[in-house]
Structure formats: structure tokens, C-alpha cells
Ligand code: SER
């Protein structure tokens with residue numbers, strides 16, 4: 001058998017199935033478009049709608065090498081030869097096309113003829129009553145009966161989850177040889193040990209399982225096969241575990257180097273290295289697909305595996321962050337196929353290192369706490385779950401990590417206690433948020449919201465409409481009529497009430513003899529749309545029919561800024577990576593603010609790139625469309641939704657530019673991206689850990705900005721007597737001139753201060769070849785005094801210099817003392833000298849042996865200080 005690399009095997013598989021008419025697809029994301037699954041766990045996941053007959057495929061045969069993550073056995077990763085969090089699944093799929101009689105002989109052909117596995121080492125299993133598959137194996141392939149096993153549901157029935165497509169399967173087993181056997185007399189196909197290795201699973205996808213467990217036949221019979229690339233590589237490369245294949249070797253070698261382990265010398269250390277290699281590779285892929293470490297969902301798995309790796313690093317004595325150093329080797333092993341690892345390499349590195357550092361800070365303390373608790377327990381005893389909770393809550397230990405450490409000490413955790421503590425914490429959080437809600441719920445607004453129907457919003461298409469006044473609120477009470485400031489509830493309105501970041505509309509409500517100026521529209525209680533304003537003319541009365549009109553120009557600007565926000569989000573995702581998620585927004589007529597997750601300030605290049613991408617789509621004048629659909633249908637589009645935002649059963653999907661950039665959004669938008677006009681980012685700042693804020697303007701606000709900038713520029717160019725093109729050079733020149741002048745000025749000041757003193761200065765004391773120099777100046781700044789002290793020391797290299805500058809204004813003194821390293825080494829100290837002298841004149845100060853500073857409020861005692869300095873000098877030099 002030819003020893004092929006992982007890359008060659010991947011390609012061979014895809015080529016083989018292409019030769020059977022399958023369309024080759026690039027791997028889909030690790031994050032499935034499927035609410036029933038956390039991750040893509042198998043090659044078939046992205047094709048689920050085709051199996052279920054929900055969508056018609058553009059082809060009936062497909063093949064992929066799919067990125068997968070499985071999380072059921074994370075604690076086994078590193079302990080066994082085959083467990084991984086991330087792996088690649090080689091798959092081929094038939095959507096109502098080929099079935100058992102094709103796939104079984106093809107699988108045999110691929111393994112024996114293309115890969116060259118020894119046919120005598122291959123076995124097959126089939127589902128108990130699957131005579132059809134059994135017969136194909138025996139009669140068509142020619143596999144002897146004693147090498148075909150019938151196994152039950154556990155082994156030979158496959159499903160992606162509790163619900164969804166499923167069916168009986170047939171597995172191909174490779175006999176690794178006796179040396180891999182557990183040695184039990186019962187060891188045969190189906191044994192859990194390493195000898196009979198399952199390498200390929202052929203699923204005959206025939207059923208759909210509903211939530212009650214009922215199986216209904218699918219419209220068509222399908223094929224879904226999956227073979228772990230790492231496992232196949234280990235067989236072909238004849239290595240005892242997946243970590244020794246070329247797919248892992250660069251990562252393993254680098255990890256060994258980083259943690260100073262010689263692979264193969266110590267099983268425990270080998271295990272730690274395997275954990276680190278597997279988890280770092282998985283973390284890189286997850287981050288590349290837009291997952292961030294979090295406390296739930298996919299982000300929790302990411303957090304768990306990063307933190308597990310950090311702990312294993314610590315066990316090997318690695319105190320400093322090291323995981324990111326493995327990333328180049330991850331790229332070296334699979335980066336040419338999965339280019340996202342390179343495209344997002346900066347993001348991956350940043351997120352990984354932040355998470356590693358964060359946990360690194362609390363790991364030691366948490367471990368100390370846990371060790372102390374474990375020391376109190378004997379083998380087989382139970383750790384109080386509240387300790388696990390404290391570790392989770394205060395020290396960031398994922399529960400499973402604490403559990404794994406406990407298992408290492410033969411201790412279990414009382415999980416109920418842990419869950420109870422977690423629930424108590426959640427209840428406290430709920431109670432505090434209810435409390436605040438409770439206060440609000442007492443208001444007149446909620447009562448009104450309960451009594452009145454929801455206002456019919458017609459503002460997506462209308463700027464004005466006729467409406468009836470349903471209620472009036474004045475001074476916190478509902479009233480039948482009002483003048484002056486009040487809030488008005490209508491049965492129907494074109495006014496958009498502040499929501500989803502978009503500010504409320506303003507405008508007028510009028511009727512015969514009535515004019516109300518509306519200054520804001522908001523939802524003071526859920527579902528209650530209140531027009532806040534002032535009655536300018538007449539009296540507003542409940543039941544009255546009025547005309548409600550928004551300020552059209554203002555709304556037009558709001559619409560522009562809202563659509564610009566969508567365009568910006570898409571552009572940011574493209575420039576910075578898929579991890580960019582909206583964290584908040586504000587859409588007004590004059591600017592927009594967009595908050596999003598990102599770990600570093602945007603560079604000037606990134607900002608311009610974002611602006612440019614947005615502007616290209618503005619120039620293309622693409623239509624902006626809105627569609628109302630069910631949440632289910634919306635999920636099938638590529639619409640972005642905010643994770644924690646609540647949507648009703650029907651949602652509005654806004655599509656703006658970029659062919660497909662769409663979001664679930666209730667806001668008002670332009671109908672064509674061209675209407676947005678120029679979009680300019682005016683500010684970029686950090687507003688919390690990992691959250692950035694962009695402020696931008698578009699439409700008229702952008703035009704105003706340009707006008708203002710042009711006015712300012714024209715002032716600057718004329719004041720500096722230069723042109724716009726030369727302005728930057730001119731300013732650089734001027735700054736340089738300013739720097740030179742400042743230096744020159746400083747020199748002059750030094751000269752003026754020193755005058756001819758430098759020539760006249762004489763040491764006041766001398767001992768053991770060291771001079772003491774004491775001088776007094778007037779009105780000199782502290783830094784100037786330091787410069788002067790340097791100049792004096794240049795002239796008297798073997799000296800201790802003690803200087804005072806007296807401020808004429810208040811007769812205070814600043815003090816400076818300095819000497820060289822050599823003199824300080826003999827035991828003399830400028831710090832001591834200054835400290836004692838300052839004290840003698842009623843001041844204070846101090847510093848290092850080579851340099852010290854201080855001050856005294858009253859310079860009249862300066863001479864006493866100087867006398868003290870001489871005394872200290874003599875003592876020091878004695
Ligand atoms: N879906 C099956 C599995 O994961 C075959 O691809 O084993």
C-alpha cells in the first residue's frame with residue numbers, strides 16, 4: 001500500500017466520488033444553519049434539507065471533506081488514540097439517487113483499489129435485519145460470510161440527533177492486527193478496543209424521526225457516508241494513533257517543543273501534548289468560523305477547550321501564554337486547504353491569546369482552592385458542588401474541567417449542588433431585573449397598554465394618515481383633553497416609535513383648530529406608542545379625528561443612516577472577520593453609532609477599506625427590499641439576527657446591497673442603496689472589553705461634514721499660504737520647525753540661567769576626589785534644573801551636585817541632587833543628601849542614590865539646607 005499523506009487521501013476521496021458523478025463542495029461552516037445542532041457534527045449536516053425533501057438540490061450526488069466538531073467526549077481527547085474535538089469527515093451523499101447496491105461496491109473499490117488496503121483485513125457490519133446490505137457485501141463484493149456481522153441499533157443505526165433524518169447503516173472495519181487487541185477471548189468485530197477499527201460508515205438514510213421518536217419513511221432513499229480523515233490516515237500511514245499522522249505531526253512537534261516534552265517518554269506528558277494539539281487546532285477552526293469564547297452555546301465549548309489546554313500547559317510547568325505559538329503549525333498542517341485559517345489569522349491569534357491570558361490569571365488561585373478542598377477528601381468521596389460553582393463563577397473553571405480534575409483524584413462532584421447554586425444565582429439576577437420592571441410596570445403607561453389596542457403603524461409606506469386619538473397622558477395621568485405638553489396615543493400612525501436603535505419620529509398632529517408639535521415618539525410600555533409633544537393651538541380631545549404627519553426630511557435622513565448601518569455591518573464583517581457581531585446601535589437623522597465585537601482598534605487602512613466597500617455598494621445603487629416572513633423561513637435566509645433580541649413569530653427581513661446582506665429588522669430604510677449617499681466614519685473607539693464603537697455620517701450630514709471640512713481646509717491653506725495638496729508636507733515642516741525652535745529656546749534658557757556661572761562654579765567641599773557642588777538659581781523649571789545639573793556634572797564628572805531654584809513669586813524652592821553611578825557605588829547617595837537637606841530647610845524630597853528631587857515652601861532657610869548638605873557629604877565621604 002502506498003503511504004499517502006492526509007492531503008493526498010482527502011484529494012483521492014473527493015476525486016473518486018467525482019468520478020462517480022458527485023459534485024464536490026468546499027467544507028461548510030462549523031456553525032450549522034440548524035437550531036437542533038450546536039456544531040456541524042457530520043458531513044451530512046449541511047445537506048439535511050435535501051434529505052428531508054424540504055429543498056430540491058441542484059444535484060443529486062455530492063461529496064465533501066467537511067470540518068466537524070463533536071463535543072460528547074471532550075475529556076477523552078488525549079486519553080485515547082482516536083478522540084478529537086475537531087476532525088475532518090470525508091463524505092459522499094445521494095439525494096434519492098444511488099443507494100446500497102452502488103455505494104457498497106464503491107466503498108470497497110475505493111478502499112482496496114484506490115487506497116490499497118489489504119482486503120483480507122476488512123470486515124463489514126450491517127443492521128440486524130438488513131439482508132439487502134448483507135447480500136450485496138457477500139454476493140456482489142464477495143466478502144466471506146464470516147467477515148460480515150449483523151449488529152443492533154447501537155452500532156448500525158445512525159441519526160444526527162434525536163430528531164431528523166436517520167437510517168440503518170453498514171460499517172467497514174479494518175483489522176489492525178493482534179498487537180492492538182485487548183486480548184480478551186471475546187475480542188472480535190464490535191469490541192471497543194483498538195484492534196477492529198471502524199473506518200467508514202455507510203448510512204442508508206431512509207427515515208425521518210420526529211420528536212416522539214416515530215420513524216416515517218423519507219420521500220426518497222438517500223445515502224450518507226462518513227469516514228474520518230485522521231483515522232484513515234493513521235491506517236494508511238501505519239501509525240498507532242491519529243496524533244502521529246502527518247495531519248497532526250507538525251502541531252505535535254511544535255507543542256512538544258513549546259512544553260519541553262519528548263514524545264513517547266512519559267504517557268501522561270504525551271496526553272497533555274495531545275490535548276493541547278487537538279484543542280488548539282479546534283479552537284483555531286472555531287474562531288475562524290466566527291465563534292467567540294462565551295458562557296453558553298458554541299462559545300462555551302470554545303472556552304472549555306481553550307481553558308482545558310491552558311491547564312494542561314500549566315501541568316507541564318508552562319506559566320506563560322503559549323497556545324498562539326502553535327497556530328503557525330496548525331496552518332502548516334491544513335492551512336492550504338482551509339484558507340480561513342490564514343485569512344483570519346490575526347483574529348484567531350488575538351482571541352486565543354486574550355482567552356488564554358484571562359484564564360491564566362485565575363487558574364493558579366482556583367487550583368489552589370480546589371487542591372485544598374481535595375486534600376480534605378479521601379478516595380471515592382464527593383466534593384460539594386458549591387465549590388465547583390465558586391470555581392466556575394469566580395475563577396472561570398468550566399464545570400467539566402473541575403470534574404476532570406476531581407476524577408484524577410478519584411473524587412466525584414455533587415452536581416445537584418452545583419446546579420442549585422447556579423439556579424440561585426440566575427434567580428437572583430431574574431429577581432433584580434423583575435424588581436426594576438416592577439417599578440415601571442406600576443406606571444400609567446402599562447395600564448394604558450393593557451387597555452388599548454396596539455397602534456397600527458403605517459409608516460413604512462405612509463408619511464401621513466388620518467387617525468383617532470385613543471388616549472392622552474398629561475402629568476402622569478390619563479386625561480380626556482389637554483393643552484400644553486402631553487403624550488398622545490393614536491389608533492393608527494406613520495410615526496416610528498424609537499426601537500432597535502432607530503430614534504423616534506417627530507412631526508405634527510393637526511385637526512381643525514388644533515396643532516400639536518410632536519418632539520418624539522416612543523414606547524413607554526410594551527406595545528404602547530406615545531407621541532410626545534406640545535399642543536400649540538387648540539385643545540386635543542380623546543376620540544377626535546386628527547391628521548398625523550411626520551417630518552419627511554428628517555425621516556429620510558434617518559432611513560439613510562439606518563441602511564448605512566446595515567451596509568457598515570456587512571463591510572466590517574468582510575474586513576475584520578466573521579466574529580463581528582452587533583452589540584448595539586443608534587440611528588439618528590444626523591449620525592449613526594454602531595457597536596460591535598472586535599478585539600482591537602481599527603487601523604486607518606481598515607477604516608478606509610470599510611468605507612470604500614460601503615461606498616461601492618452605494619454607487620451600485622442596489623435595491624433595498626423588505627419582506628415579512630415567519631421566523632422559521634427567516635432562519636433559512638442568511639439574515640443576521642441579534643442573539644439576545646426577541647423576535648415575534650413573523651419577522652421583517654431587510655436586504656440591502658451585497659446581493660444578500662440581510663438582517664431581521666423593524667426599522668425604516670431607503671429603497672435603494674444609492675439614496676444613502678456618502679458614508680463617512682468620523683470616530684472609532686473602544687467602549688468596553690472587546691467592544692468597539694463606530695460613529696459615522698451619511699446623506700446630508702456627510703455633505704455638511706464635507707462642507708465644514710472644506711471651509712476649515714480653506715482657512716488653513718490660506719493661513720499657511722499653501723495648497724491642499726501640499727498641506728501635509730507644510731504641516732510636517734512646521735512641526736519640525738517648531739521642534740527646532742523649542743530646542744533652541746531651551747538652549748537659550750539654559751545659557752541665560754547658567755550665564756557665566758559655569759565658568760565660576762567651584763566645589764564647596766571635596767573629599768576622596770569627589771567634589772560637592774552647591775548652587776542657587778532663580779525662576780527655573782524643574783526639568784531645566786535637571787538639565788543644568790547634567791551640564792555641571794559634565795564639567796565636574798566626579799561630583800555630587802546639589803541645586804536649588806527659588807521662585808520669586810512665593811519664595812519657594814525646588815531642589816535637585818545628582819551624582820554618577822560610580823560615586824553612588826562607593827556608598828554616597830544623592831537621595832540621602834537631598835532628603836536630609838530638604839528636611840533641614842523644612843521641606844521634603846528624596847530619590848535614588850544617583851538622582852533625587854524635592855522642594856521647600858520657604859526658601860529663606862535655604863542656607864540651613866546647604867549647610868546640612870555639606871555635613872551629610874562629609875559624613876558620607878568619611
Ligand atoms: N453521518 C454518518 C456519520 O457521521 C455518516 O456520514 O457517521
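FYI, it's all coordinate maths here, none of it is from the lab. Worth saying up front: this structure is predicted, and the values here are computed from it rather than measured. Cβ placement follows ideal geometry from the backbone for every residue including glycine, while neighbour counts extend to all protein chains displayed.
At 222 nm, what value in deg cm²/dmol follows for the chain if DSSP H runs of at least 4 each add -39500 (n - 2.57) and the sum is divided by all its residues, to the nearest 500?
Helices in the chain give a 222 nm mean residue ellipticity of -12500 deg cm²/dmol.
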>> Please report the antiparallel percentage of DSSP beta bridges with both residues in the chain, rounded to the nearest 5.
In response: 85 percent
> Computed over the Cα atoms of the range 6-80, what is the convex hull's projected area averaged over all directions, in nm²?
Replying inline: 6.4 nm²
> Can you tell me the Rg and Dmax of the range 103-157, counting just the alpha carbons, in angstroms?
Replying inline: 11.2, 31
> Kirkwood hydrodynamic radius (Cα pairs, Å) of the range 63-157?
Replying inline: 15.6 Å
>> Could you work out the pair-distance distribution P(r) of the range 718-774 from its alpha-carbon pairs, with 10 angstrom bin width and percents rounded to whole numbers?
In response: 19, 23, 19, 16, 12, 9, 2
>> I'd like the distance separating the alpha-carbon centroids of the range 553-611 and the range 756-828, in whole Å.
In response: 58 Å
> Based on the Cα gyration tensor of the range 588-629, what are the three equivalent ellipsoid semi-axes, each the root of five times an eigenvalue, rounded to whole Å and given largest first?
Replying inline: 24, 16, 12
>> From the convex hull of the Cα coordinates of the range 153-278, what is the mean projected area in square nanometres?
In response: 10.2 nm²
>> Kirkwood Rh over alpha-carbon pairs of the range 126-171, then Stokes-Einstein at 25 °C and 0.890 mPa s: what D in µm² s⁻¹, rounded to an integer?
In response: 219 µm²/s
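Hey, could you get me the Stokes-Einstein D for the range 532-595, Kirkwood radius over alpha-carbon pairs, 4 °C and 1.567 mPa s, rounded to whole µm² s⁻¹?
Diffusion coefficient, whole number: 87 µm²/s.
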>> From zero outward in steps of 5 Å, how is the percent of C-alpha pairs of the range 458-575 spread across the bins?
In response: 2, 12, 22, 23, 16, 10, 6, 4, 3, 2, 1, 0
>> Give me P(r) over the range 1-129, computed from all C-alpha to C-alpha distances, binned every 5 Å, as integer percentages.
In response: 2, 9, 16, 18, 20, 19, 12, 4, 1
> Give or take rounding to whole Å, what are the principal axis extents of the alpha carbon atoms in the range 696-825, in descending order?
Replying inline: 78, 31, 31
>> Output needed for the range 156-220: three equivalent-ellipsoid semi-axes, defined as square roots of 5 times the C-alpha gyration tensor eigenvalues, in descending order, whole Å.
In response: 32, 12, 8
> With the contact rule set at Cα under 8 Å and sequence spacing of 6 or more, what percent relative contact order holds for the chain?
Replying inline: 6 percent
>> Please compute the alpha carbon radius of gyration of the range 100-202, then divide it by the globular-protein estimate 2.2 N^0.38 Å. Two decimals is fine.
In response: 1.07
> Based on the alpha-carbon gyration tensor of the range 379-429, what equivalent-ellipsoid semi-axes (square roots of 5 times the eigenvalues) come out, in whole Å, largest first?
Replying inline: 21, 11, 6
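Using just the alpha carbons, could you tell me how many Å³ per residue the convex hull of the range 775-831 encloses?
Each residue corresponds to 70 Å³ of Cα convex hull volume.
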>> Quick check: the distance between the Cα centres of the range 476-512 and the range 183-253, to the nearest angstrom?
In response: 64 Å
> When averaged across all projection directions, what area in nm² does the alpha-carbon convex hull of the range 693-750 cover?
Replying inline: 6.7 nm²
> Along its principal axes, what span do the Cα atoms of the chain show, with the longest given first and each in whole Å?
Replying inline: 115, 93, 63
>> Compute the distance from the alpha-carbon center of the range 270-285 to that of the range 1-38, in whole Å.
In response: 22 Å
> Over the Cα atoms of the range 215-348, what is the Rg over Rh ratio if Rh follows Kirkwood?
Replying inline: 1.05
>> Students often check this: by mean Cβ neighbours within 10 Å, which of 828-841, 615-628 ranks highest, and how do the rest follow?
In response: 828-841, 615-628
> Any idea what % of Cα-Cα pairs in the range 313-390 are farther than 22 Å?
Replying inline: 48 percent
